[in-house]
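Reviewing the structure listed below.
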Amino acid sequence: MRIGIYAIAKNEAANVARWAASCAEADVRVVTDTGSTDGTPERLMEAGVDVRHGAPVPWRWDDAHTLSLMHLPADVDVAIRLDLDEALAPGWREVVEREWAAGCTRLRCRYEWQPGEVIWCERIHARSGFRWRTATHEWLCAWDGSPQLERSAPEVLFVQRRQDGKVHRSDLELLEAAAREDPRDARTLWYLARELGFAGKPAEEQAAAWDRYLATPGGTAHEHAFAWRALADLRPAQARRYLLMATCDAPEEPEAYLRLAADCQAKGDPAGALYWSRFACQCPPGNENHASEHVAYTAAPCEVAVQAAIQLGRITEAVHWGRLGMERAPEHAVLAEIVADLTSPTAGPRC
């Protein structure tokens, strides 16, 4: 089995050593340089990487990554896209070989996009038959749209460490272009609506973009839920209705439950806070995705549940949620102190 790593790069000299070391076990490593002026190609060649040159005009990310994929030799069996600000955690090759031998054409792996925040990604695929699609926030697709044999390998971890302050300033323009190309592509409309928020566009312009997304067939449950939560922020007078819609679309995700609980807590309604925080606490970490709000997967829901349960005199339940929060965040000193106080021999009667 021949495994090839491919990437595009521009002015990534500072990342070359880490990147090259992490994928040294690959049979082939090809980087398509798109116009570096900081010595990136020279550093890559010093590390034994095959460097090619080229860039699509006008620029778009899907064509650039597909160009780099095409620079891999035809005899490569498995292709792995590994950007220069990313690295593969040790042990990746053994897992890829094992899963590929079991039969697949695409491998889902974990991706740490910032410390402690891990989602799933599709970066490992057969060398032939694939390309990247959409101008930005590109996704991997089969040329002929045929079904793929996909497996999951949580042992393989991609780790991104983007330089502070680095942003893709062309994203909004490219997303607007992608939406014009395919105005019924729900995925593109979702990213466009989100990007309008990053760009600080007026609230009603953002809300209208989310309305358009939700009215378009397609999309995923977690993206729908994110859209409802975004509308709750943009139209606070209707926030409760929007958050309830989010729980309907993604009942296994904690974000909307936590927001409903926090709203009840702020309004002096401990019964409501406990009711909604219970749902949030029961959503286990480990299923985060690109639409997740990381705080909802920490001990935050347990904190709300503990405080509400104490206010209602439900001490045994408060201890239960406190211990669950400590499991999720062992360093959480406040929860540890509360649980210790509630379980001390001098504490009052339980209920």
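The values are calculated or read from the model by the stated rules, or taken from the named source; none is laboratory data. The shown structure was predicted, so the numbers you read here are calculated from the model rather than taken from an experiment. Cβ coordinates were reconstructed from backbone atoms using ideal geometry, including for glycine residues, and neighbour counts include every protein chain displayed.
Numbers below:
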| quantity | calculated |
| --- | --- |
| Residue check, Ala55 closer than 14 Å to Ala7 by Cα and either buried (at least 18 other Cβ atoms within 10 Å of the Cβ) or in contact with a Leu (Cβ under 9 Å, 6 or more places away or on another chain) (or both) | yes |
| Pick from the range 118-143, criterion modelled with pLDDT under 95, closer than 18 Å to Leu157 by Cα and not aliphatic (A, V, I, L, M), ranking: surrounded by the most Cβ atoms within 10 Å (Cβ to Cβ) | Cys121 |
| Of all residues making up the range 137-179, the number that are closer than 21 Å to Cys109 by Cα, outside any strand (DSSP E or B) and either in contact with a Lys or Arg (Cβ under 8 Å, 6 or more places away or on another chain) or in contact (Cβ under 8 Å) with a residue 24 or more places away in the chain (or both) | 6 |
| Enumeration of residues in the range 96-124 that are at positive phi and more than 23 Å from the chain's Cα centre (by Cα) | Gly103 |
| All strands (runs of 3 or more DSSP E) inside the range 1-55 with 2 or more residues being in the same structural domain as Arg93 (by TED's automatic domain parsing) and of a type in the set (A, V, I, L, M, F, W, C) | 3-9, 28-33 |
| When residues of the range 188-219 are limited to those that are part of a loop (DSSP other than H, G, I, E, B) and free of Cβ contacts under 8 Å to residues at least 12 places away in the same chain, the one farthest from the chain's Cα centre (by Cα) | Pro202 |
| Cross-chain or 6+ apart pairs with Cβ under 7 Å, the range 36-48 first and within 16 Å of Ser22 (Cβ to Cβ), then buried (at least 18 other Cβ atoms within 10 Å of the Cβ) | Arg43/Val16; Leu44/Val16; Leu44/Val31; Leu44/Val51; Ala47/Val16; Ala47/Ala20 |
| Restricting the range 242-266 to residues that are within 21 Å of the chain's Cα centre (by Cα) and surrounded by fewer than 19 Cβ atoms within 10 Å (Cβ to Cβ), the residue that is farthest from Ala300 (Cα to Cα) | Pro251 |
| Selection from the range 297-307 of residues that are surrounded by fewer than 21 Cβ atoms within 10 Å (Cβ to Cβ) and modelled with pLDDT under 95 | Thr298 |
| Residue match in the range 225-247 (condition: modelled with pLDDT of 95 or more and on the phi > 0 side of the Ramachandran plot) | no |
| Subset of the range 309-351 [more than 23 Å from Pro285 (Cβ to Cβ) and at pLDDT 90 or above] | Ile310, Gln311, Leu312, Gly313, Arg314, Ile315, Thr316, Ala340, Asp341, Leu342, Thr343 |
| Segments classed as helices (runs of 4 or more DSSP H), wholly inside the range 232-306, with at least 1 members that are farther than 24 Å from Ala318 by Cβ | 239-249 |
| Some residue of the range 178-185 being buried (at least 17 other Cβ atoms within 10 Å of the Cβ), on the phi < 0 side of the Ramachandran plot and hydrophobic (A, V, I, L, M, F, W, C) | yes |
| Residue list for the range 236-270, restricted to those being outside the structural domain of Asn287 (by TED's automatic domain parsing) and among the polar types (S, T, N, Q) | Gln238, Thr247 |
| Residue that is within 19 Å of Cys264 (Cα to Cα), surrounded by 17 or more Cβ atoms within 10 Å (Cβ to Cβ) and over 30 Å from the mean Cα position of the chain (by Cα), where the choices are Ile310, Ile315, Ile338 | Ile310 |
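For (1) among the small types (Gly, Ala, Ser); (2) touching an Asp or Glu at 6+ places or on another chain (Cβ under 7 Å), each residue gets a yes or a no:
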site: Leu67; (1), (2): no, no
site: Pro73; (1), (2): no, no
site: Asp77; (1), (2): no, no
site: Ala89; (1), (2): yes, no
site: Val96; (1), (2): no, no
site: Leu107; (1), (2): no, yes
site: Pro115; (1), (2): no, no
site: Val118; (1), (2): no, yes
site: Cys121; (1), (2): no, no
